[in-house]
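The values are calculated or read from the model by the stated rules, or taken from the named source; none is laboratory data. Just so it is clear, the model here is predicted, and its values are computed rather than measured. With ideal geometry, Cβ positions are generated from the backbone for all residues, glycine too; neighbour counts draw on all protein chains shown. SASA here: full protein model, heavy atoms, side chains in, ligands and nucleic acids out. Shrake-Rupley method; radii C 1.70, N 1.55, O 1.52, S 1.80 Å.
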Amino acid sequence: MNRKFRLGKSVFFILCFVFIFGLFLEVIRSNYALTLGYKQFQDSAASTEKEQAVSQSSFTEKPNFLLIYDEESQLSQSVTTNVEQTLTYMKKAFQTVPVQSLTEAFDAYNTVIVNFEALEKFDDITKLDQYVANGGTVLFTVRPAIDDAFIYLYRKLGIYEFGGFVTTAGIQVADNLWPNQQSMKIDGSFITNSSLFVGLEERSNIYAQSSDDVPLLWNRNYKEGTFITFNGTMLDKKSARGLLTSAISLVEDDFLYPIMNVKMSFIDGFPSEIPSGRNQAIFEAYKKDIVGFYRDIWWPAIQKTAMDDELSYTSGFMPVNDHKVNAPFSDGLLRQDFVKYVRELMKIDGELALAGYNNVPLFVGENYWESVDDIYQVLDNTDQFMDQSFPNYSIKTYYPPDLKISEEGLQAVQQVYPSIENVVVDYAEQASEFKQENNWTYVPITSSGYSYSEQTEWVIANAIYSIGVYAHQISPWEVLTSQASWEELASNYETITKDIQEKYPWLRSMTSAEAGSTIKEFLATDVRIEQTDNGLSVALSRDVDEFYFFLRTDKTVQTAKSYTVELVDPGVYLITAKQATFEIRLEGSS
């Protein structure tokens with residue numbers, strides 16, 4: 001008897017489900033799904049303007065700090081510029097006047113900051129004495145010169161004897177100034193000061209001294225007020241802003257200031273065309289050519305560091321790894337390699353940034369590009385390469401070669417890549433700050449390299465203790481030119497990342513695009529802090545999800561729903577604001 005084979009309804013539904021599920025698996029494995037998912041993440045993570053929480057007019061308060069400088073001294077002017085920028089980040093109101101035309105009454109300010117050495121330029125030094133005696137605070141940011149005004153004041157500063165000027169090297173920072181540092185000691189000759197050779201009274205509190213124990217920073221209570229003295233000449237440098245910020249924080253018993261609370265990690269010029277051939281040292285160690293080394297050794301190690309130490313890499317790609325500035329322009333990076341590295345970067349929550357076409361910064365001139373048209377041409381080539389590889393990926397960050405930018409280069413980038421909002425710059429450059437300008441958010445890199453030298457440690461600590469930012473860069477190509485082996489470089493870099501994770505576990509890891517939104521919000525938010533009977537009253541000018549502060553106090557900090565408290569070290573707390581207005585309750589002495 002003939003029977004027709006028929007599928008039952010249940011079997012039919014099962015087969016349909018298997019087919020659809022299989023199709024789903026293929027889609028999520030594809031580049032499209034990766035790029036689409038990342039684009040949706042970018043869109044959902046994009047910052048939106050917050051409504052103002054407190055009227056801006058209420059933040060036009062009188063300055064708390066009076067900055068006095070000597071307009072005849074270049075050092076004084078440089079120190080004053082650094083103090084002004086530091087106070088701006090700390091969101092403290094200040095007024096700056098030259099000593100030559102000083103008419104302000106000191107009593108109108110909580111703190112007077114003296115940014116010059118020749119104290120005899122004060123018309124009447126006894127007014128400064130009387131201001132402190134009545135409860136004011138004076139901070140000297142430059143070691144005083146030996147003149148009649150200094151002779152009048154020196155015992156009040158906590159000095160019982162002094163000699164001549166000495167050149168001091170290195171610095172020892174006490175653990176009661178910088179938390180989690182276990183009395184940092186830097187012996188490097190890159191830190192030098194012109195200092196007074198002084199002996200201090202026992203009642204002086206020393207916070208920093210040179211490698212050979214010359215006091216550099218101390219305070220001394222005088223009657224109702226306090227003198228704070230920096231016995232050096234280095235506070236004009238950006239690399240000393242953490243020390244400057246900490247010196248300023250000594251002006252009040254309970255001192256609160258905002259920070260960005262950001263940890264960023266950068267990879268310079270990757271993915272890019274990897275040189276062919278062998279590197280002798282690499283081949284002897286790993287039996288691999290250069291391409292195989294980066295694919296099988298270097299890149300897996302970098303990915304592992306990201307996962308082990310909570311790093312979110314921003315990696316700047318360029319299709320060609322050369323310095324050619326003449327046509328014809330072509331792609332050197334294999335598309336399949338590019339896709340592989342970018343997909344793996346996304347899987348560790350990284351960000352792909354634009355470095356450019358090759359290693360040549362976008363300048364017009366000798367040793368750079370011959371014309372603006374050439375800049376547009378190579379950017380168009382790069383855009384086509386990106387569009388063919390990841391058509392749905394929206395690039396948010398420009399990460400230029402050598403961190404060098406030009407006006408014509410920025411205009412071209414903005415024209416070809418309208419989605420880009422952030423530009424990575426070198427914090428060591430005088431003009432580079434965390435700022436918004438001409439629709440760009442500037443994201444400075446504060447340190448670089450695989451080596452954890454004393455200088456790197458110093459620069460990192462100062463950036464964290466001033467603005468709460470770690471922003472470190474490495475280059476894959478340093479491995480090919482370094483005297484050290486990859487094993488040594490990898491070990492040193494791991495020391496950096498683990499040290500940061502252990503000392504500053506509260507830092508929030510984020511990409512440049514995410515940090516750009518944080519920086520914009522930080523810069524746009526004004527802060528008002530007032531002393532109350534119970535502690536500190538805080539108001540923000542904008543409604544934010546979270547806003548971060550360092551608090552230095554010897555009192556017990558009470559918790560509340562409007563903010564969280566995390567002990568960083570005895571006497572130092574991380575405060576996370578949850579709403580625009582709140583009061584930090586402080587009780588007794590700890």
Residues of the chain: accessible area per residue at 1.4 Å, in Å²?
45 Å²
Normalised by the residues of the chain, what does the relative contact order come to in percent, with Cα pairs under 8 Å and at least six apart?
14 percent
Report, in degrees rounded to the nearest 10, the 0 to 90 angle that the Cα long axis of helix 74-90 makes with the longest principal axis of the chain.
60 degrees
Mind jotting down the distance between the C-alpha centroids of region 157-222 and region 463-529, whole Å?
28 Å
Along the principal axes of its C-alpha atoms, what lengths does the chain span, in descending order and rounded to whole Å?
118, 57, 45
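Full extension from S101 to D213: what is 0.36 nm times the residue separation minus their Cα-Cα distance, to one decimal in nm?
That works out to 36.6 nm of additional length.
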If a/c stays under 1.5 just call it rounded; otherwise compare a/b with b/c (prolate if a/b is bigger, oblate if not). Do that for region 260-364, with a ≥ b ≥ c from the square roots of the Cα gyration tensor eigenvalues.
oblate
What list of ³J(HN,Hα) couplings, whole Hz, do you get for region 97-114 from phi and the Karplus terms 6.51, -1.76, 1.60, once you set θ to phi - 60° and write x for glycine and proline?
9, x, 4, 5, 10, 6, 10, 5, 7, 4, 5, 7, 10, 6, 9, 10, 10, 9
What value, in deg cm²/dmol to 500, does the helix sum -39500 (n - 2.57) over DSSP H runs of n ≥ 4 give at 222 nm once divided by the residues of the chain?
-10000 deg cm²/dmol
Work out the length of the dipole vector of region 236-330 about its Cα centre, built from +1 on the beta-carbon of each Lys and Arg and -1 on the beta-carbon of each Asp and Glu, and round it to the nearest 20 debye.
480 debye
Would you mind calculating the gained length between I151 and K237 on full extension (0.36 nm times residue separation, minus the Cα-Cα distance), in nm to one decimal?
28.1 nm
Taking amide H atoms as placed 1.01 Å from N in the peptide plane, list the residues 5 or more away in sequence, or in a different chain, whose amide H sits under 5 Å from that of F547.
A577
Relative to the compact-globule estimate 2.2 N^0.38 Å (N residues), the Cα gyration radius of region 471-590 stands at a ratio of 1.43
Sorted on mean Cβ neighbours within 10 Å (highest first), peptides 505-512, 95-102 come out as 505-512, 95-102
Using 0.36 nm times the number of residues separating F190 and V325, minus their current alpha carbon distance, what extension gain do you get?
44.9 nm
Charge sum, other residues only, whose C-beta stays under 15 Å from W486's C-beta, Lys/Arg counted +1 and Asp/Glu -1:
-2
Within straight-line cross-link reach of K347, lysines at Cα separation under 29 Å, skipping those fewer than 8 residues along the same chain
K39, K263, K287, K288, K304, K396, K498, K503, K520
As I understand it, the value is the acute angle between the Cα axis of helix 31-45 and the longest principal axis of the Cα atoms of the chain; what does it come to in degrees, rounded to 10?
30 degrees
For region 64-70, just list the computed ³J(HN,Hα) in residue order, Karplus coefficients 6.51, -1.76 and 1.60, θ = phi - 60°, integers in Hz, with x standing in for Gly and Pro.
8, 10, 9, 9, 10, 10, 9
A 1.4 Å probe over the protein heavy atoms gives region 431-590 a carbon and sulfur accessible-area percentage of 40 percent
Expressed as an acute angle from 0 to 90° and rounded to the nearest 10, what is the orientation of the C-alpha long axis of helix 512-524 relative to the principal long axis of the chain?
40 degrees
Just the C-alpha atoms of region 99-217: what Rg/Rh do they give, with Rh taken as the Kirkwood radius?
0.99
Roughly what would the spin-label model give for E224 and E161, points 7 Å off Cα along C-beta, in nm?
3.5 nm
